[in-house]
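The values are calculated or read from the model by the stated rules, or taken from the named source; none is laboratory data. Note that the coordinates shown come from a computational prediction; the quantities given were computed from them, not determined experimentally. Positions of Cβ are backbone-derived with ideal geometry, glycine not excepted, and every protein chain shown enters the neighbour counts. Side chains are part of the model used for accessible areas, which takes the heavy atoms of the whole protein and leaves out ligands, DNA and RNA. Shrake-Rupley method; radii C 1.70, N 1.55, O 1.52, S 1.80 Å.
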Amino acid sequence: MKTQDFVALEKKYLAPNYNPLDVVIESGEGVWVTDVEGKRYMDFLAAYSALNQGYCHPRIKKAMLEQVEKVTLTSRAFRNDKLPLLAEKLCNLLGYEMMLPMNSGAEAVETALKAARKWGYIHKKIPEGKANLIAMSNNFHGRTITIYRDGFGPFTDGFTVIPYGDTAALEKAITPNTVAVLMEPIQGEAGIIIPPEGTLKKVREICDRNHILMIADEIQSGLGRTGRMLACEWENVKPDMVCLGKALSGGFYPVSAVVGSAEVMSVFKPGEHGSTFGGNPMAAAVALAALEVLIEEKLVERAEELGRVAMDKLASLASNPLVKEVRGRGLWIGIELKPEAGGARKYCMKLMEKGVLAKDTHHHTIRLAPPLVISREDLLLGLDKVLEVLNP
Ligand SMILES: *Cc1c(COP(=O)(O)O)cnc(C)c1O
C-alpha cells in the first residue's frame, strides 16, 4: 500500500479530529523515521515531546519487552512490583513527596484539579460545591469537557480564566473560595510562549500569600525539553503540584502522573480517583526506564546546550521578512511568522518535502522540538532545511 491508500482509508474511517501531514510512518529510530515509501525524515516534533528519548530507544524497549514477558496489568486492586519503584524514583528526582499515576496528560490535569478542590474543602474549609480554580487563557491542558471550551458546552463550573501570565489579574481573581491556579510555565500549543522573567516567581508568591495551590502543567515543558528537568526550575519555583505525561512514556506506552506534597496528594480516599490502567506494571517499567535514559544520557543538559546551538543557527531569521519572532528555551523553539507569510502549515509541508517533519501550531508558528537525543550534526542539518524553506 502507498501513502495515498493509507490517507484514503484514514479519511474514510477515522473521525476528523486531526489534520495530519500526509506522511505515513512505518518505523522510527532515534530522530529518524521511515515512511511506507521508504523515504527517511528527521522528526522535529517528537510527538509533542512524548519522544524526548527518541523513537524506539533500545533501553526502554528492553524494559518493555522484559515486562511483557512477566505481567502487564494487575489493576490497583492488587499491588505490583514496579509502581512503587517508579513512585520513589519520580518523587526523589523532582523533590516531591507523593505521586498519583494515570495514563494520559488530560487525566493528570483532571487529577490535579480534583486534588486541589478536595484540598480546599479539607484545608481551607471552603463550603461544599464552592471551590474555584483559576486558569489562564490559551493554555493547553488536554481536551476533557472541563478544559476544552470551544463549542462543547455546558461547561464545568468553578473556573475563572485570566490572561496568561497576568499576575495583576491573578491577584484580582482570587476570592476566599479560590483553591488553586493552573498554568503552563511555558505555553506549548500556543506557540512556545515564554512569560516575562519573574512571572512564575510572582505567581508562587501570590499563591503563598493567599494560601492557594500553584499547579504547573509540565506535560510538554517538563522532563528535559527546556534544558531543565522542569521548566519551573528556570525561575527556581517549586509548584505544589506538577502534572507530567508525554516524555514520561519514553514514547512507548501512555503514562502520566501528578506529583505533589503529602498534604495535597493524601486528600484522596480509596475509590475517589483512579483508573483501571493507571500505574500498571508495564507503564511503570517503561516510565522507570524512560527516566533513567533522561538522567544517564544527560538529556536535560543536552537540551540546554543544543538549544543554544539552535538559537545561534537561527539568529539570521531576525532579518527575515517572513519572520515575526524566534523564541525558545532548550530544544523547544517557536518560529512565529508574520500574517503575510500565509500561515505556518505551508512551510511545514515544504519542510516535509526536504525530509524534516515539523508541525505548525497556532496557525503562524513553526514549532521545532526534536527528540533530545538528536546529534549536533543532525540538528544543524535539520535547521539548514528550516532556513532553506524560509529563505526563498
Ligand atoms: C499534551 C498536553 C496535555 C494533554 O496530554 P494528553 O496525553 O494528550 O491527554 C496537557 N497539557 C499539556 C501542556 C500538553 O502539552
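See the values below:
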{"quantity": "Residue among Ala87, Ala63 that is touching a residue at least 40 places away in the same chain (Cβ under 8 Å) and either in a helix (DSSP H, G or I) or buried (at least 16 other Cβ atoms within 10 Å of the Cβ) (or both)", "calculated": "Ala63"}
{"quantity": "Count of residues meeting criterion [touching a residue at least 12 places away in the same chain (Cβ under 8 Å) and either open to solvent by 40 Å² or more (accessible area, probe 1.4 Å) or not assigned by TED's automatic domain parsing to the domain that holds Leu372 (or both)] in the range 306-320", "calculated": "3"}
{"quantity": "Matching entry among Glu377, Glu325 (being free of Cβ contacts under 8 Å to residues at least 24 places away in the same chain, more than 27 Å from Pro196 (Cβ to Cβ) and acidic (Asp, Glu))", "calculated": "Glu377"}
{"quantity": "Selected residue (criterion: farthest from the ligand (Cβ to nearest atom)) from residues of the range 204-253 that are among the polar types (S, T, N, Q) and free of Cβ contacts under 8 Å to residues at least 40 places away in the same chain", "calculated": "Asn210"}
{"quantity": "Every residue from the range 349-392 that is surrounded by fewer than 23 Cβ atoms within 10 Å (Cβ to Cβ), of a type outside the set (Lys, Arg) and under 24 Å from Ile186 (Cα atoms)", "calculated": "Leu357, Asp360, His362, His363, His364, Val373, Leu379, Leu383"}
{"quantity": "Flag for Asn138 being touching a strand residue (DSSP E or B) at 6+ places or on another chain (Cβ under 8 Å) and open to solvent by 50 Å² or more (accessible area, probe 1.4 Å)", "calculated": "yes"}
{"quantity": "Answer from Leu45, Leu21, Leu9 - the residue that is out of contact with any His (no Cβ under 9 Å at 6 or more places or on another chain) and under 30 Å from Met229 (Cβ atoms)", "calculated": "Leu45"}
{"quantity": "Test: residue in the range 155-162 that is away from the ligand (no atom under 13 Å from the Cβ), in contact with an Asp or Glu (Cβ under 8 Å, 6 or more places away or on another chain), in contact (Cβ under 8 Å) with a residue 24 or more places away in the chain and outside any strand (DSSP E or B)", "calculated": "no"}
{"quantity": "Residues (over 26 Å from Gly250 (Cβ atoms) and open to solvent by 60 Å² or more (accessible area, probe 1.4 Å)) located in the range 191-239", "calculated": "Pro196, Glu197, Lys201, Lys202, Glu205, Asp208, Arg209, His211, Asn236"}
{"quantity": "Candidates Leu133, Leu85 - the one that is on the phi < 0 side of the Ramachandran plot and touching a Gly at 6+ places or on another chain (Cβ under 8 Å)", "calculated": "Leu133"}
{"quantity": "Single condition Val286 does not satisfy, out of (1) within 22 Å of Leu83 (Cα to Cα); (2) open to solvent by 10 Å² or more (accessible area, probe 1.4 Å); (3) touching a residue at least 12 places away in the same chain (Cβ under 8 Å)", "calculated": "(2)"}
{"quantity": "Residue in the range 190-205 that is hydrophobic (A, V, I, L, M, F, W, C) and within 17 Å of Ala108 (Cβ to Cβ) present", "calculated": "no"}
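Conditions (1) part of a loop (DSSP other than H, G, I, E, B); (2) of a type in the set (A, V, I, L, M); (3) at pLDDT 95 or above, marked per residue:
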{"residue": "Arg76", "(1), (2), (3)": "yes, no, yes"}
{"residue": "Asn80", "(1), (2), (3)": "yes, no, yes"}
{"residue": "Gly129", "(1), (2), (3)": "yes, no, yes"}
{"residue": "Ile145", "(1), (2), (3)": "yes, yes, no"}
{"residue": "Gly151", "(1), (2), (3)": "yes, no, no"}
{"residue": "Thr175", "(1), (2), (3)": "yes, no, yes"}
